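See structure below.
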């Protein structure tokens, strides 16, 4: 070990700035986590604020909407996992089969461009597309003889709209880059051998391509599981309405209304900690399962 | 193997980052209050420089080069130097950072809640005695307008900051397309029934003459615009006082009638069916394409559409009219501008020149100070005509708005000062001015509910219960308006749920706080 370090000391030097960054911006602020258990008074500071034990957790867990926002958060994340997670994989596989470089590059560029558009604009586009009177979608429905729907006020549509807009349209192209990179790492000799053995395209995909990128898929999946509790509130706030709260109100939006808007940093921290602990458990669980079934994992 | 280890480190650290997001460290700060009482009370003869924290509305910052404050320095010998970063874009955060830094400037400016919270933790000194001894103009103003002090004190009953006091209480009113009314041979609607008839006529009789039924009779750029109609049905949508008791409009039986009527209007297409997603551009869109018929909005900005859309809609006459009489025959307007702005400046506990500072605060309550803050510089922005400040022609005819010109030099800053509405009246759109005068002269404005001050115990209960209650109310409200749920069938269970959620406790807290407010 020591000998290794001495030999590669230059490489280890490169690590220092990053370790410092982590120490200063990640570990040092963790000191502030204690305000989740304190009645945080800004002017007195963290150390001087009185302890209140689990008070903030109690307030959060006992709020009448706790179950609803928890369920909504989980369901929305599951939707995203179920429908939005496979899309970039499919996209990358399709892209990999496209042999015309210009076509491939063009499609790639167009699919990952939405990633760079801010959520506010994406929400604006969605609102306009779905507008009941002049929106494109309703225009088409109308022409086809259907009756217009005010999509954004129907709770049943909210999750689909959200996942389609923010997880699929906005991110699918960009997420596919990782898979595409993994695909180009597969040894072409494997395909040649398969062709000689008489495997068709489908067989090749099943036996070579998919196993080749499986580790990448698993790692990204585990990371995604880690984010299951934090559905981004910015995006939801832009699309939800009181009338769609029953499916759209998630933990982060509720905390935003109850905590941050009112400046209750202690309550917001408690909720953040609660989320992080659950995410931590989920990640460990997902990693265990992944190791058991596919032999790949984060550690 | 190596790669896996690295991934492991990276992963662990990322996770920790997620855990720690949103927390910050802060040094310890002693909250002692020290008032310099040795100073005998003479005006500061030697020039004095005081540091000030001022950052509000996420955008306005104290400008050290402001000509208005330079003029004030000339008159008072006190120069202010801003400490808030002009690039910061979140006032609340900036305020909190200033507090936790442990390095307090001499003067702190902030919102009522922030200021009083900071004060109770020892960051600000109480001002009552200082005002009594050293600030005659300020004292007179506070004595004459006791609601200013009552609405600003902290829960210990002491005054810690001098608030900004606005002027000109009429803010918003009803607007309607006068040219459409004329075309259909209808008068200005005087009652809620006439308003209903006018809107129905807009809907069905094609007043824009394009052969399509595309008119949107009532629209609003705010989601809350729907509830602004509730006042026509005898309901209130806010906290209000009646017969000595405090009530919450949406927890009263009148609200039921109002909601079922509003729901009926929505169903009949009198209310824009996109009202909940139309957003801030509603007026631009619906007035610009000649389909919007009536709204309830701010006088100034709404009246200006008569000019801005004239090109595409030459016939437009979008004018304010008196609120239609409600179902009980009362003519009233619930929305108005709160005169007492919950924001102002105070003296920090590390200020060694408390007496000079309060005298400086007092300057802004002298005639000269008030004029400086409202009208800018004499000779540059205004001239005195018959003892009144009148804006110069260059200022009124400048391509920049008068307000922007004033803001640029540091006037119309929301420090502890009394605004003077006549500054706005000189350049207001004539249509808006007519509306404002109509609403004020006819005394249609309902009194605004005062800003109450809650003690710690009360504040705790409110913050525990109110966000759930509000969520519930807003959800029901929208469901009723959109017809997802029937009002009549569900109202009793609505009241019961609110009761179960602790609404009665909140009402009681408001009543207690209101009683204290009356006594203070």
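With the condition kept exactly as written, say whether any residue in region B:454-471 is surrounded by 18 or more Cβ atoms within 10 Å (Cβ to Cβ), more than 14 Å from every other protein chain (Cβ to nearest Cβ), in a loop (DSSP other than H, G, I, E, B) and at pLDDT below 90.
no
Of the residues B:154, B:135, which is crowded, with 17+ Cβ neighbours inside 10 Å, more than 14 Å from every other protein chain (Cβ to nearest Cβ), under 23 Å from residue B:339 (Cα atoms) and in contact with a helix residue (DSSP H, G or I) (Cβ under 7 Å, 6 or more places away or on another chain)?
Matching residue, one of B:154, B:135: B:135.
Against the condition at pLDDT below 90 and more than 21 Å from the chain's Cα centre (by Cα), how does residue B:42 come out, does it pass?
yes
Please pick out the residue among B:273, B:290 that is closer than 24 Å to residue A:238 by Cβ and part of a loop (DSSP other than H, G, I, E, B).
Numbers: B:290 fails: closer than 24 Å to residue A:238 by Cβ.
Among B:273, B:290, only B:273 is closer than 24 Å to residue A:238 by Cβ and part of a loop (DSSP other than H, G, I, E, B).
What are the pairs with Cβ atoms under 7 angstrom where one residue, in region B:82-93, is assigned to a helix (DSSP H, G or I) and the other, located anywhere, is at pLDDT below 85? Sequence gap at least six, or different chains.
Correct list of pairs: B:92/A:263.
Pick from B:198, B:170: which is touching a helix residue (DSSP H, G or I) at 6+ places or on another chain (Cβ under 7 Å), farther than 21 Å from residue B:314 by Cα and at pLDDT below 95?
None of the other options fit; the residue is B:170.
Please work out if residue B:295 is surrounded by 15 or more Cβ atoms within 10 Å (Cβ to Cβ) and modelled with pLDDT of 90 or more. Working first, answer last.
On the way: surrounded by 15 or more Cβ atoms within 10 Å (Cβ to Cβ): yes; modelled with pLDDT of 90 or more: yes.
When the stated conditions are applied, residue B:295 passes them.
Return the residue satisfying two criteria in turn: it lies in region A:127-138 and is assigned to a helix (DSSP H, G or I) and within 14 Å of another protein chain (Cβ to nearest Cβ), and of such residues it is nearest to residue B:480 (Cα to Cα). Before you say what the answer is, go through the steps one by one.
Of the residues in region A:127-138, the ones assigned to a helix (DSSP H, G or I) are A:127-129, A:136-138.
So of that shortlist, the ones also within 14 Å of another protein chain (Cβ to nearest Cβ) come out as A:127-129, A:137-138.
Numbers: A:127: 22, A:128: 24, A:129: 25, A:137: 26, A:138: 24 Å.
Top of the filtered list is A:127.
Out of all the residues in region A:61-102, which are in a helix (DSSP H, G or I) and at the interface with chain B (Cβ under 10 Å from one of its Cβ atoms)?
A:62, A:66, A:68, A:69
Would you confirm whether or not region B:439-448 contains a residue that is surrounded by 16 or more Cβ atoms within 10 Å (Cβ to Cβ), more than 23 Å from the chain's Cα centre (by Cα) and either in contact (Cβ under 8 Å) with a residue 40 or more places away in the chain or not in a helix (DSSP H, G or I) (or both)?
no
Take the residues of region B:102-129 that are in a loop (DSSP other than H, G, I, E, B) and within 10 Å of another protein chain (Cβ to nearest Cβ): which is modelled with the lowest pLDDT?
B:102
How many residues are facing chain B (nearest Cβ under 8 Å) and not in a helix (DSSP H, G or I) when one looks only at region A:32-46?
Residues that pass the stated criteria total 4.
Does residue B:482 satisfy the criteria of being without any contact (Cβ under 8 Å) to a residue 12 or more places away in the chain, out of contact with any strand residue (DSSP E or B) (no Cβ under 6 Å at 6 or more places or on another chain) and either more than 9 Å from every other protein chain (Cβ to nearest Cβ) or within 20 Å of residue B:229 (Cβ to Cβ) (or both)?
So residue B:482 fails the test.
Anything in region A:140-162 that is in a helix (DSSP H, G or I), within 14 Å of chain B (Cβ to nearest Cβ) and out of contact with any helix residue (DSSP H, G or I) (no Cβ under 6 Å at 6 or more places or on another chain)? List them, or say none. Reasoning before the result, please.
Start the filter on region A:140-162 by keeping residues that are in a helix (DSSP H, G or I), which leaves A:140-143, A:151-153, A:155-162.
The next check asks that each one be within 14 Å of chain B (Cβ to nearest Cβ); those that pass are A:142, A:151-153, A:155-158, A:161.
Those that are in a helix (DSSP H, G or I), within 14 Å of chain B (Cβ to nearest Cβ) and out of contact with any helix residue (DSSP H, G or I) (no Cβ under 6 Å at 6 or more places or on another chain): A:142, A:156, A:161.
If a residue must be assigned to a loop (DSSP other than H, G, I, E, B) and touching a strand residue (DSSP E or B) at 6+ places or on another chain (Cβ under 9 Å), how many such residues does region B:155-186 contain?
Qualifying residue count for the region: 8.
Tell me which residues, restricted to region B:201-214, are crowded, with 17+ Cβ neighbours inside 10 Å and in contact (Cβ under 8 Å) with a residue 40 or more places away in the chain.
Within region B:201-214, B:202, B:203, B:207, B:208 qualify.
Among the candidates B:54, B:50, B:130, which residue alone is surrounded by 22 or more Cβ atoms within 10 Å (Cβ to Cβ) and touching a strand residue (DSSP E or B) at 6+ places or on another chain (Cβ under 7 Å)?
Working: B:50 fails: surrounded by 22 or more Cβ atoms within 10 Å (Cβ to Cβ); B:130 fails: touching a strand residue (DSSP E or B) at 6+ places or on another chain (Cβ under 7 Å).
When all the criteria are applied, what remains is B:54.
Given the condition under 30 Å from residue B:496 (Cα atoms) and away from chain A (no Cβ under 14 Å), answer yes or no: does some residue in region B:273-280 qualify?
No, every residue in region B:273-280 fails to be under 30 Å from residue B:496 (Cα atoms) and away from chain A (no Cβ under 14 Å).
Within region B:312-419, considering only helices (runs of 4 or more DSSP H) that don't extend past its boundaries, which have at least 1 residues that are assigned by TED's automatic domain parsing to the domain that holds residue B:126 and free of Cβ contacts under 8 Å to residues at least 40 places away in the same chain?
B:367-375, B:393-397, B:402-409
Looking at region B:492-520, which of the residues that are closer than 19 Å to residue A:64 by Cβ and in contact (Cβ under 8 Å) with a residue 40 or more places away in the chain is farthest from the chain's Cα centre (by Cα)? First the steps, then the outcome.
Filtering region B:492-520 down to residues closer than 19 Å to residue A:64 by Cβ leaves B:492-507, B:509.
Keeping just the survivors that are in contact (Cβ under 8 Å) with a residue 40 or more places away in the chain gives B:495, B:498, B:502-503, B:505-507, B:509.
Details: B:495: 29, B:498: 27, B:502: 28, B:503: 25, B:505: 26, B:506: 23, B:507: 23, B:509: 23 Å.
The selected residue is B:495.
In region B:57-112, how many residues are surrounded by fewer than 17 Cβ atoms within 10 Å (Cβ to Cβ) and under 29 Å from residue B:456 (Cα atoms)?
Count: 7.
Can you tell me which residue among B:189, B:217 is assigned to a loop (DSSP other than H, G, I, E, B), crowded, with 22+ Cβ neighbours inside 10 Å and in contact with a helix residue (DSSP H, G or I) (Cβ under 9 Å, 6 or more places away or on another chain)?
On the way: B:217 fails: assigned to a loop (DSSP other than H, G, I, E, B).
Of the residues listed, the single one that is assigned to a loop (DSSP other than H, G, I, E, B), crowded, with 22+ Cβ neighbours inside 10 Å and in contact with a helix residue (DSSP H, G or I) (Cβ under 9 Å, 6 or more places away or on another chain) is B:189.
Could we say that residue B:432 is under 27 Å from the mean Cα position of the chain (by Cα) and either under 23 Å from residue B:307 (Cβ atoms) or in contact (Cβ under 8 Å) with a residue 24 or more places away in the chain (or both) here? Steps first, please.
Values: under 27 Å from the mean Cα position of the chain (by Cα): yes; either under 23 Å from residue B:307 (Cβ atoms) or in contact (Cβ under 8 Å) with a residue 24 or more places away in the chain (or both): yes.
The answer is yes for residue B:432.
Among the residues of region A:250-272, write down those that are buried (at least 20 other Cβ atoms within 10 Å of the Cβ), facing another protein chain (nearest Cβ under 7 Å) and touching a helix residue (DSSP H, G or I) at 6+ places or on another chain (Cβ under 6 Å).
A:258, A:268, A:269
The values are calculated or read from the model by the stated rules, or taken from the named source; none is laboratory data. Keep in mind that this is a model prediction, so the values were computed, not measured. Using ideal geometry, Cβ is built from the backbone for each residue, glycine included, and neighbour counts are taken over all protein chains shown.
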